[in-house]
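Working notes, beginning with the structure itself.
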Amino acid sequence: DAKTTQPNSMESNEEEPVHLPCNHSTISGTDYIHWYRQLPSQGPEYVIHGLTSNVNNRMASLAIAEDRKSSTLILHRATLRDAAVYYCILREHASGGSYIPTFGRGTSLIVHP
Amino acid sequence: GAGVSQTPSNKVTEKGKYVELRCDPISGHTALYWYRQSLGQGPEFLIYFQGTGAADDSGLPNDRFFAVRPEGSVSTLKIQRTERGDSAVYLCASSPDGTLRTQYFGPGTRLTVL
């Protein structure tokens, strides 16, 4: 199975951009890169996903390296509400019509006011 | 609309007891997942239902764990002879199509086994 590596924690100040890295050197050609985040006392929620090209949505941007062995989730202006654990997940473990994610430990983002 | 709901939000039980955890998925979602999350760890997959049937139960740790979804909507995770190591947050998610980006999670049930 393709594995991901993320820093355990990162800190940022409010209103500043945040770049959350993820290494996935064993990624296969068909693996999509997904990011989820988990706010305190809540279940995870989808943030963004991509395959090869950089992606933008209302929550964040995803920058994917040309060799696809790493990616970066970009929060353009961090707010206190962005304090959460961010998980980088590769689409894997296809089973019975679904994909089962492997979450790992993620990166705990601390945002200072 | 209503999201995924889980009851109870907290459950405290004694070692050896039987517990049931309930998940109400988003209406119309055919796929339903159970995960377990220990402190400081990411969620770990337990079981996945497509409709009424368990399509993948490879994550269930042992035969004390069992889950049902008899009518293809509400699901119940059942744990027999609970052990202290079963203490965790149990998360449920549902999806209309089984893709990663459409898994919507509930808030979880925090199970504490004394």
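Descriptive notes on the structure:
- When the alpha carbon coordinates of region B:2-114 are projected onto the principal axes, the ranges are 38, 25, 22 Å, largest first.
- Here the spin labels are modelled as points 7 Å beyond Cα on the Cα-Cβ line, and at B:Thr102 and A:Ser53 they lie 2.2 nm apart.
- In straight-distance terms, cross-link reach from A:Lys69 covers every one of the lysines whose alpha-carbon lies under 30 Å from its own, apart from those fewer than eight places away in the same chain; here that gives A:Lys3.
- FRET efficiency, 1/(1 + (r/R0)^6) with R0 22 Å, evaluated for B:Glu44 and B:Ala2 via beta carbons: 0.25
- Within a Gaussian network of chain B (alpha carbon springs, distance under 10 Å), most fluctuating of B:Arg81, B:Arg101, B:Arg36: B:Arg101
- For chain A: Kirkwood Rh in Å [reciprocal of mean 1/r, alpha carbons]: 14.2 Å
- Modelled this way, with points 7 Å down the Cα-to-C-beta line, the labels at B:Lys17 and B:Thr112 are 1.2 nm from one another.
- Residue of A:Ser12, A:Ser71, A:Ser41 that the Gaussian network model of chain A assigns the largest fluctuation, springs spanning Cα pairs under 10 Å: A:Ser41
- For the residues B:Val12, B:Val68, B:Val89, a GNM of chain B with alpha-carbon springs under 10 Å puts the largest fluctuation on B:Val12.
- Stretching the chain fully between B:Val74 and B:Ser9 yields a gain of 21.8 nm (0.36 nm per residue, less the alpha carbon separation).
- Centre-to-centre separation between the Cα atoms of region B:53-114 and those of region A:37-71: 25 Å.
- Listed by chain and number, the lysines whose C-alpha is less than 24 Å from the C-alpha of B:Lys78, apart from same-chain residues fewer than 8 away, are B:Lys11, B:Lys15, B:Lys17.
- Spin-label model distance (nm) - A:Gln42 vs A:Ala65, 7 Å beyond Cα toward Cβ: 3.1 nm
- Volume of the Cα convex hull of the protein assembly as shown, divided per residue and given in Å³: 123 Å³
Only the coordinates and a few stated rules stand behind these numbers; no lab work does. Every value quoted in this text rests on a predicted model; they were computed, and no experiment measured them. Don't worry about glycine lacking a Cβ; one is built from the backbone with ideal geometry, like all the others, and counts go over all protein chains shown.
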